[in-house]
Amino acid sequence: MGIYVKGLLGAFSGKVGNVVGSSWRSVDYLRSLPKPTKRTATEKQRAQRTKFALAIEFLSPMRQIINIGFNDKSQKKMTAFNQATNELLFKIQGEYPDFTIPYQDVKFSKGSLEPVMASLGEGMTGDPVIKWPVTESRLGGLPSDVVYVILYNAAKQDFFVFQESVRGDGECAIDPEGMGTGEFHIWVVVTNKDATARSASRYLETLSI
């Protein structure tokens, strides 16, 4: 792949022969198309492709959250989604073709913003509530920081995201209506008000509904 500078007619975009022109993060690229091959993939190659497909399938519904959680502009050659995918690939467990995702190791965000010390509890109505202590922060956390609570039903492959609460609320109510029943894995992510800073996501525990 080559990086090129625009000429009088501007940057080239599209396909000509076996060359493709494209642009990403204001940098223009030229790359050649891969050559077709009739070689049979090795078991190692098939295993890697299976892992990659599993990671993409799992993370794709959360692309919007990941774009916030891995928005590191110092990573100029890798998108936020690619960063999250690359990290997950090294954590997938099992032997080909029976791979599994260790949910407790999944990261939807990476950052230095102070997280919340959340725990699962029960509200006055009997519905589940994610609670955390509201204390004066010395590590840059503000009461206005947005708290994202992510729930995932592995059996149904359904994600649910609650983002109505801020750090100063001390809790996030989980409305189970429309979620169905089953076991849900829970993660918590914190961002500042304008989503320019974020905490590392934290896996909490599982919730049975």
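The values are calculated or read from the model by the stated rules, or taken from the named source; none is laboratory data. Computed from a predicted model, the values in this text were never measured in an experiment. Ideal geometry is used to build each Cβ from the backbone, glycine not excepted, and the neighbour counts take in all protein chains shown.
The residues of region 88-138 that are over 22 Å from Phe184 (Cα atoms) and among the acidic types (Asp, Glu), listed by number, are Glu95, Glu114, Glu136. In region 148-200, of all residues being among the aromatic types (Phe, Trp, Tyr) and without any contact (Cβ under 8 Å) to a residue 60 or more places away in the chain, the one that is surrounded by the fewest Cβ atoms within 10 Å (Cβ to Cβ) corresponds to Phe162.
Looking at Thr50, Thr85, just one residue is without any contact (Cβ under 8 Å) to a residue 60 or more places away in the chain, within 9 Å of the chain's Cα centre (by Cα) and part of a helix (DSSP H, G or I), and that residue is Thr85. Any idea which of Glu171, Glu164, Glu136, Glu122 is acidic (Asp, Glu) and within 30 Å of Ala55 (Cα to Cα)? The conditions single out Glu164. Quick one: in region 89-144, which of the residues that are farther than 27 Å from Asp194 by Cβ, hydrophobic (A, V, I, L, M, F, W, C) and not assigned by TED's automatic domain parsing to the domain that holds Ser165 is surrounded by the fewest Cβ atoms within 10 Å (Cβ to Cβ)? So the residue we want is Phe90.
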